[in-house]
Amino acid sequence: MPVSSPGPAGAASALVIGANGIVGSNMLAMLREQTDWQLHAVARAHPPSDDRVNRIAVDLLDEAASREALGRIGPVDTIFFAALAPGPNPAAQVAPNLALLRNGIAPFAAADAGLRHVCLVQGTKWYGSHLGPYRTPAREDDPRHEGPNFYYDQRDWLSAAQQGKGWSFSTLRPHFISGFNLGNPHNMIAAVGAYAAIRRELGEPLDFPGTQACFDTLSMATDASLLNRAMLWAATTPACANQDFNLSNGDYFRWSGLWPAIAESFAMAPGPVRPLRLAKYMADKGPVWDAVLRRHALQPTRLEQIVDWNWADFLFRGDWDDLSSTIKARRYGFADCLDTRDDMLATLARYRRARILP
């Protein structure tokens, strides 16, 4: 039987929105293990509900369908929002991501609905990390960059919706999220692992597929389990009401320092920096991946289930330092940390145990 959560008095239920993604799926698993809360989960598609989780399949871009489906849940104390609508550019991402948040939260946002807290997962794109060099280490009170950013619209909507109500919110800004998940192709560890598996099957060394600048710059990562702990902390700590927090493992890394260890974990030789456009390079590698599955008796997964190579191209082409300060979270009481190198190798090992990577 899971232990009671150290949440606010009377807290008894939580809703995880985006429950199939790397953040949401791991959050749901943690809540199952560590709380005795009544749990609800929302995603576009779901397995059946069970005795611990009431699963709701609905497309939150459909306002009417969302209102009808979420209205059947009843009162919810805490909402963990980790849904994302991809888009081809920052401007195109604003409307759908704002709709996801609005349609997911609005049914519970009335003053007398019993809601206590909304925890919103965003990221360091708040600072323009996806656009080019930005001021580092980024701080939560840095000025907003110019141009569209759906994170700004989401936070502004939450702040306005909360006025005069009894609930609070928090936003968390992790760096590249790593962890175990199948079906979310925006995953740093899965991208590295699938690339390595294909290179090994081809008999090639583990060349770094990005730029020399990316290979050498400083960056940070955030393990999904650490982020999940921070989400629960922010949602159940009164001092976190209406606050924003940067979150990372607590250390820095350079790909140049990690790459030999990654190669060793696949029994490969680390290769030099050889920039590739992975979306193009991987376009004809489906048969190679099928050979990997057969050779190592892996689960029958499609390569596109594991990694989006366009996203991986972005991952390996960040030619500028990507750093934020996590001092604020520590000052407010969250001091968890992980060694990124050890965590990455441990996560690769978990993918192997699950028979997803060789």
List every residue pair whose Cβ atoms lie under 8 Å apart, where the two residues are 6 or more positions apart in sequence or sit on different chains, the first residue falls within region 315-340 and is farther than 14 Å from LEU227 by Cβ, and the second residue, located anywhere, is among the aliphatic types (A, V, I, L, M) and open to solvent by 20 Å² or more (accessible area, probe 1.4 Å). ASP319/ALA213; TRP320/ALA213; ASP321/LEU218; ASP322/LEU218; LEU323/LEU218; TYR332/ALA239; GLY333/ALA239
For a quick check of your reading: which helices (runs of 4 or more DSSP H) sit entirely within region 46-164 and have at least 3 residues that are touching a Leu at 6+ places or on another chain (Cβ under 7 Å)? 90-105, 150-162
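I'd like to check which helices (runs of 4 or more DSSP H) are fully inside region 283-350 and have at least 2 residues that are farther than 24 Å from GLY21 by Cα, at pLDDT 95 or above and open to solvent by 70 Å² or more (accessible area, probe 1.4 Å).
The helices (runs of 4 or more DSSP H) meeting that bar are 286-296, 327-332.
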Top-ranked residue in region 200-226 [being open to solvent by less than 10 Å² (accessible area, probe 1.4 Å) and aliphatic (A, V, I, L, M); ranked as farthest from SER265 (Cα to Cα)]: LEU226
Quick count over region 269-297, residues being over 21 Å from ALA354 (Cα atoms) and touching a residue at least 60 places away in the same chain (Cβ under 8 Å), is 12
If SER256 satisfies every condition in (1) within 20 Å of SER25 (Cα to Cα); (2) modelled with pLDDT of 95 or more but one, which is the exception? (1)
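For region 269-282, enumerate the residues that are of a type in the set (A, V, I, L, M, F, W, C) and either in a strand (DSSP E or B) or touching a helix residue (DSSP H, G or I) at 6+ places or on another chain (Cβ under 8 Å) (or both).
Of all residues in region 269-282, those of a type in the set (A, V, I, L, M, F, W, C) come to 269, 273, 276, 278-279, 282.
ALA269, VAL273, LEU278, ALA279, MET282, listed by residue number.
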Hey, among the residues in region 63-110 that are open to solvent by 40 Å² or more (accessible area, probe 1.4 Å) and charged (D, E, K, R), which one's nearest to THR236 (Cα to Cα)? ARG102
Log entry, pairs with first residue in region 50-72 being touching a residue at least 24 places away in the same chain (Cβ under 8 Å) and β-branched (Val, Ile, Thr), second being in a helix (DSSP H, G or I) and surrounded by fewer than 18 Cβ atoms within 10 Å (Cβ to Cβ), beta carbons closer than 8 Å, six or more apart or on different chains, reads VAL53/ARG32
For region 112-128, does any single residue satisfy the condition of being without any contact (Cβ under 8 Å) to a residue 12 or more places away in the chain and within 25 Å of LEU218 (Cβ to Cβ)? no
Select from region 291-308 the residues that are of a type in the set (A, V, I, L, M, F, W, C) and over 17 Å from the mean Cα position of the chain (by Cα) and list them in ascending order. ALA291, VAL292, LEU293, ALA297, LEU298, LEU303
Condition set closer than 29 Å to ALA197 by Cα and open to solvent by less than 10 Å² (accessible area, probe 1.4 Å), scope region 232-252, selection nearest to the chain's Cα centre (by Cα): answer is SER248
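The values are calculated or read from the model by the stated rules, or taken from the named source; none is laboratory data. Since the model is a prediction, treat every value here as computed from it, not as a measurement. Don't worry about glycine lacking a Cβ; one is built from the backbone with ideal geometry, like all the others, and counts go over all protein chains shown. Surface areas here come from the heavy atoms of the whole protein model, side chains and all, with no ligands, DNA or RNA. Shrake-Rupley method; radii C 1.70, N 1.55, O 1.52, S 1.80 Å.
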